[in-house]
Amino acid sequence: DAGVTQSPTHLIKTRGQQVTLRCSPKSGHDTVSWYQQALGQGPQFIFQYYEEEERQRGNFPDRFSGHQFPNYSSELNVNALLLGDSALYLCASSQGGSGNTIYFGEGSWLTVV
Amino acid sequence: GNSVTQMEGPVTLSEEAFLTINCTYTATGYPSLFWYVQYPGEGLQLLLKATKADDKGSNKGFEATYRKETTSFHLEKGSVQVSDSAVYFCALIKMKTSYDKVIFGPGTSLSVIP
């Protein structure tokens, strides 16, 4: 049973560009959340998707957007990249929302130059 | 708002030493508490959890007890190994109101030397 899978694992972008990160949740999971982890810090919640809709959102600008597909996979899009967007982006999945174990993927390392 | 505070690192210990990483939280109601571990270059792994006051979570020799009176969830291990070198994150979830949104502490880096 595959866990949470993310792609790509590493990528480098230039300031002002746009990036799309992808996540496949653990089998049987219908809820996907995205987190940003800057170097030396704890992960910060970006947003969560459930039933193809954004259910809740953290304190991130509108440059960060996402999508969830009918198969529960998800994408995170970041527009107009800034140097400060360089971070590890983690996807987490769970089943049915509150009260169930959350599983994290290995993350996508984004470097903005 | 809800938040988690951890002791600052880095923490360096000799192999077989006793480990304590302090964690305190601020939250209304009754959150669930977690410790996650992140090995170098990897994602997050759930180490242990406790969902109500006085619960003790344990895994791989690590333990933490949910203390509501002191709002704490300190991580302990009796004898650390070199393979325990990693960053440890204390975290909480406000169940029923936040749909599995995890609030993390800043992390504590642990280095175990032979």
Hits in the stretch B:32-77 - residues which are more than 14 Å from every other protein chain (Cβ to nearest Cβ) and in a strand (DSSP E or B): B:LYS56, B:SER58, B:PHE62, B:GLU63, B:ALA64, B:THR65, B:ARG67, B:SER72, B:LEU75, B:GLU76, B:LYS77
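Would it be correct to say that B:GLU16 is without any contact (Cβ under 8 Å) to a residue 12 or more places away in the chain and either part of a loop (DSSP other than H, G, I, E, B) or aliphatic (A, V, I, L, M) (or both)?
no
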task: Output yes when any residue across the stretch A:54-62 is surrounded by 13 or more Cβ atoms within 10 Å (Cβ to Cβ) and at pLDDT 95 or above, and no when none is.
output: yes
task: From the list A:LEU21, A:LEU90, pick out the single residue that is touching a Leu at 6+ places or on another chain (Cβ under 8 Å), at pLDDT 95 or above, facing another protein chain (nearest Cβ under 10 Å) and within 27 Å of B:LYS94 (Cβ to Cβ).
output: A:LEU90
Residue count for the stretch B:14-56, restricted to those that are acidic (Asp, Glu) and under 23 Å from A:PHE104 (Cβ atoms): 2
field: Selected residue (only one of A:VAL78, A:VAL113 is surrounded by 19 or more Cβ atoms within 10 Å (Cβ to Cβ) and either at pLDDT 95 or above or within 12 Å of chain B (Cβ to nearest Cβ) (or both))
entry: A:VAL78
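The values are calculated or read from the model by the stated rules, or taken from the named source; none is laboratory data. None of these values were measured; they are calculated from a predicted model. When we count neighbours, we look across all protein chains shown, and the Cβ atoms used for this are built from the backbone with ideal geometry, even at glycine.
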